[in-house]
Every structure is written in C-alpha cells, then in structure tokens.
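Inspection log for the structure reproduced underneath, given as structure tokens.
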C-alpha cells in the first residue's frame, strides 16, 4: 500500500477540528488543546499535512528523531503514536494480501518439465504475481535466477534481471527475499552467487561491481557445459596448438585427420576448464596456476596415452579352401586413461594441508624430458594436432622393430612359409573381403607409409 493510505490511517486515528485535536483512545474522546500538547501540534503541522508531505514516512520518522530541538518526552510520544499507526497499517496490508491471494487462480501447476506439483510439497514454491499464482520447484526458480546472474557474453559480466519464465515479468525484491528465506528455512543449500546477491541487498549494480571475478568463473563453467560439439572441438584444437608450441616433437599431441571428433572431445573436454581460466580468469593467481596445471596435465596425458589418436593396422587371416589368406585392417586407437596429478585422502584431508608447488612439478618434467621452457616459451611456430595423410592409396606394411608401435600384429596372424609357397600357385585376391594370399601380395597391393601412421 502507498503512503497515501498510511496518511489516511493517521487521519482516522487522529480526528482534529479547527483548534482542537480529538484522539480516539479506548473509545473515550478527550479534548486536548493544541497549545498544551506539542506532540499533536507537531504531527498536525508535519505528518497530517499532505501538501508538505513529499517524502517517505520512514525518512520522516528518522528526521524527526534527529531533531535536536525536540525534547525526549515528545520523541517518545511520537514513537508510540507512530508504532500504533504502523501496526494498523500492517494489519490492513496483511488482510488485503490474504484476501487477494485466496481469490487468485493458479495459472501454472507444473514444473518446467511439465510434472504436476503439489502446493503443499516441501520443495514447491508458490509465486504470487499480478493477482495470479505460479507453482515452481524451488530449485528450478533459483536456477533461473542464477542463469540471469551469470549472463556473460564473451565472458564480460552483464547480469540480467530475474524474471518469471512464464510471463517475463521481473521478480520483485520482496519475492527475492522470500525465495532466499524459504531456502534458509527449509535447510536447502543456497547457491554462492545467490548468497552474494542477497548480501548486496539484491542490487544488480553492486553485485556486478563486487563479484565480477566470481561471475567470470561460473560463466566459464557454464559455457563449457552448454557449448556445442563444434565449439568444443575448435577450442580443443586451439588448446593443443598452444601446448604443442611448448614441447619438443616427441611430446606433441596429434591425431589422424579422420579420427572421430567425439572421442577427441571426450578425452580433452576436462582440460578446457583449465584452458579458459588460464586465458580469461580475473583472479591472477588462479590464472597463472591454471596455465601451469594445464601444461602438466596435457604432458602427462601424452605420456600415459602415447597411441591415442593414431590410425593402426593389424593383419587378419582367414582360411578359404584350405588356403590361408591375410588382409590389413585399419582401426583407431581411441581408448585413454584419465589424468590425476594429485589425489588427497578424503578421510585425512582435514587434518593437514599440503602446499603443492606446481613449479617444482613442471621443473621435474622439463629436466626428465629435456624441455627448455625458456626457449620454447616464445616459439610462435604452429604445430597443428591434426596430421593430414598425403596419400592413403599407398600402404606399406613394414614389420621391422622400428614400427612395432604403429602396427599391432598378433602371433596367430603370422604367415607361414608353407602357406606362402602354396599360395604362389594360387595367389588370388578376394575382392569382396579384401583378403590376400601372402605377405608378398600385401606389399604389392598396399604400402603403409610408416610416417603416415601417427
């Protein structure tokens, strides 16, 4: 209700005539001369006069108490009268709200996934707005608020106004307070950003000013979580290009041109959080450490997943009419082991803290693998992770010791001399299945270029 209604209550509480105030108190009207009662006179001149009343009632209350020319007796009397009027004002406000609330209709009675909600359920929140009621799962409406707060196009913080998703009307400040205290009352975990928003009295400008670094961190996490596969794939390629500039040729990460992109995203998506924070974080220490941890993680990934991303060949044999036939089958090495640089004991982590010096870890990597970080840091040559194959039509299978990593040949796929000698007379190629009779025919039909197998 407005201040005009408050003044209306004041007028009803204090009935006054030309020179006399009539105070309604316990149904007994008492005539008091205004010269004898300075409090009533002050109220008449300041509080009751609508023409001169042009500011908030609480500001008027505060200014009155700061008045040094008013005696303490008058101030105490003023406080008592003001409190009585406020009590009546809030009672009428509550009555009005309850009447309108009970007469209102429930417009939405399901959550955002169209599941029916019970208004008496523990997690159901009823939003009253524009004389209508909307039922929400309280976690969903909080998630809607958080999504608005972390809005960051190009990682620049631009928090949006929190709105009702069904009618696009902004939530009032009282609604935000009600949501926060409902979470607190029901012992539901409050999101960090929503708590920071509450500390700033739900002021968007102050929230952005004092929490921009925190918004950036959540924006990065949200971006990686919701980005499309094409964006993630291109980001991974950029990340690997920067990594390959810092290491020697032996330790670079690369994969075949037609290697499945979904396998690449699955393997390297966990590293993107460190990559983006190393480039865009506003926390200087976190930005520096993320860059170092990213290099250490990728370096260890390469060490324990040497063959990941390679196109490998193996020989398969098949007997056709008692003739042993062999063919080369191509497959991708798409399995990998996850990286864990340091694991803390959960049950004992609260007893002590261990300051990990990432620089020491990196120096051990540089020393053991002959990496000179000082020389490679300013290397601007691009080492693209995708290795294009110049000519896939010529495949040369070389079973020497040098190519043991590239070609996986099991013992049961060896071609015996007897089989090869018998097949000299009947050396044919099965066009449908691609099998050939002996190893000599393999060399004639297909050449695997050792350099092309990465």
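Every number here is computed from the coordinates shown, using simple stated rules; none is lab data. Predicted, not measured: the structure shown is a model, and the values here were computed from it. With ideal geometry, Cβ positions are generated from the backbone for all residues, glycine too; neighbour counts draw on all protein chains shown.
Annotations for the structure displayed:
- Alpha-carbon spread of the range 240-347, three principal axes, descending order, Å: 71, 39, 25
- Likely footprinting exposure, 94, 102, fewest C-beta neighbours within 10 Å first: 102, 94
- Remark: spin-label model distance residue 384-residue 206 equals 5.3 nm, labels positioned 7 Å along the Cα→Cβ axis.
- Here r is the Cβ-Cβ distance between residue 195 and residue 329 and R0 is 60 Å; the resulting FRET efficiency, rounded to 0.05, is 0.55.
- Label separation (residue 160 vs residue 58): 3.0 nm, computed from points 7 Å beyond Cα along the C-beta direction.
- Relative exposure of 317, 175, judged by other C-beta atoms within 10 Å (fewest first): 317, 175
- Descending by average beta-carbon neighbour count within 10 Å, the peptides 60-72, 133-145 line up as 133-145, 60-72, the highest first.
- Were the residues from residue 222 through residue 131 laid out at 0.36 nm apart, the gain over their Cα-Cα distance would be 29.3 nm.
- For the pair residue 114 and residue 241, a Förster radius of 35 Å applied to the C-beta separation gives a FRET efficiency near 0.20, rounded to the nearest 0.05.
- The range 124-221: projected area of the alpha-carbon convex hull, averaged over directions, in nm²: 6.2
- Counting 0.36 nm for each residue step from residue 187 to residue 279 and taking away their Cα separation leaves a gain of 29.4 nm.
- Ranked by how many other Cβ atoms sit within 10 Å of their own Cβ, fewest first, the residues 181, 198, 259, 155 fall in the order 181, 155, 198, 259.
- Stretch gain in nm, segment residue 95-residue 300, where the contour uses 0.36 nm per residue and the Cα spacing is subtracted: 67.0 nm
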